[in-house]
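Inspection log for the structure reproduced underneath, given as structure tokens.
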Amino acid sequence: MEYITRQTQGDFCLLDQRDENLWMDAGMVTSPANWSLDFALGMNFFEWHAPVPKAHEMGIFKRALRFLLAIQYGAPARRLNWSMTVNPILDTSTENYHQWGMQKTTMTPENVGSKQHLRVELQTFFRLPRSNALAFPIRCYLIKLEELVTIPKWGRRLHRVVRDLPIELVTYKGLINTRPLIIDYLSQFDDGAETSPGEWPD
Ligand code: HEM
């Protein structure tokens, strides 16, 4: 696994399936969005998701696990996840918080457009044929807010998402101090028009 994952881009987790659950048995992770592979190793699906607010009470993780347990060989699935990062830093592991956490304090109204990045993860789920484990590759993409707002629909939508995010999620995503700056900046690009469904530019 180490040999293969050193030849490829992105992160990889290997989830063994037993006792109607998934277990984080192995991984090669260099761009985690504020989590730690060392900490999560050996945990099950509910345990490593424990810090995520709201989703447990809403039954989302139970449904997500049921979906993942049913993934068949030859029929992979995918999902997107998002967060935000100051400066284009891929390794925002918990272990390196002392290196990237402080950088949030360097943001000002003048530089927020170039420093604040939307961080999107493309996550895929593949059933492995012999072990019946799930391979979980994660590919992280960062875009500066000033690049993102060149697509009017994205600027409008991100403004509304960050502005209307429940406070528990604002805290969880590490935005509690920087959100006012981000909302102020993005509000210039929200003309109140409707956005079309889906992620593609209009
Ligand atoms: C088996 C594959 C998966 C793995 C290994 C995985 C792993 C993780 C990890 C390590 C975190 C960070 C938790 C922390 O804060 O310490 C996380 C967050 C999260 N996961 Fe998963 N996950 C998987 C599948 C899913 C699926 C299928 C869903 C669908 C509902 C999901 C929803 C979430 C959400 C909503 C968050 C919070 C992210 C945020 O708001 O930034 N995960 N996941």
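Every number here is computed from the coordinates shown, using simple stated rules; none is lab data. Remember, it's a predicted structure, so these values are computed and weren't measured experimentally. Here the Cβ positions follow ideal geometry from the backbone for every residue, glycine too, while neighbour counts run over all protein chains shown.
Data table
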item: Sum of side-chain charges, Asp16 neighbourhood, beta-carbon under 13 Å (Lys, Arg +1; Asp, Glu -1); result: 0
item: Cα gyration tensor, the range 2-187 - rounded (a/c under 1.5), prolate or oblate; result: prolate
item: Length-normalised contact order of the range 2-187 in % [C-alpha pairs under 8 Å, at least 6 apart]; result: 23
item: GNM top mover of Gly59, Gly113, Gly101 - the chain, alpha-carbon springs below 10 Å; result: Gly59
item: Shape of the range 80-126, Cα gyration tensor, a/c cut at 1.5; result: oblate
item: Dipole in debye (nearest 20) - the chain, about Cα centre, beta carbon charges: Lys, Arg +1; Asp, Glu -1; result: 340
item: Extended-chain gain in nm, criterion 0.36 nm per residue less alpha-carbon gap, Glu194 and Phe39; result: 51.6 nm
item: Using θ = phi - 60° and Karplus 6.51 cos²θ - 1.76 cosθ + 1.60, couplings along the range 33-46 (whole Hz; Gly, Pro as x); result: 8, 6, 9, 10, 5, 4, 6, 7, 4, x, 7, 9, 3, 6
item: Ranked His159, His49, criterion: other C-beta atoms within 10 Å, fewest first; result: His49, His159
item: Separation of the Phe67 and Asp19 label points, Cα + 7 Å toward Cβ, nm; result: 2.5
item: In nm, spacing of pseudo-spin labels at Asn81 and Phe46 (7 Å Cα→C-beta vector); result: 1.9
item: For Tyr185, Tyr73, order by how many other beta-carbon atoms lie within 10 Å, fewest first; result: Tyr73, Tyr185
item: Folded to 0 to 90 degrees: helix 152-164 orientation relative to the chain principal axis, Cα; result: 80
item: Long-range lysine pairs (8 or more apart or interchain), the chain, Cα under 20 Å; result: 9
item: C-alpha long axis of helix 60-69 to longest principal axis of the chain, angle in °; result: 40
item: Under the Karplus curve 6.51 cos²θ - 1.76 cosθ + 1.60, θ = phi - 60°, whole-Hz ³J(HN,Hα) for the range 13-30, x wherever Gly or Pro sits; result: 10, 10, 10, 7, 10, 7, 6, 6, 9, 10, 10, 6, 9, 7, x, 9, 10, 10
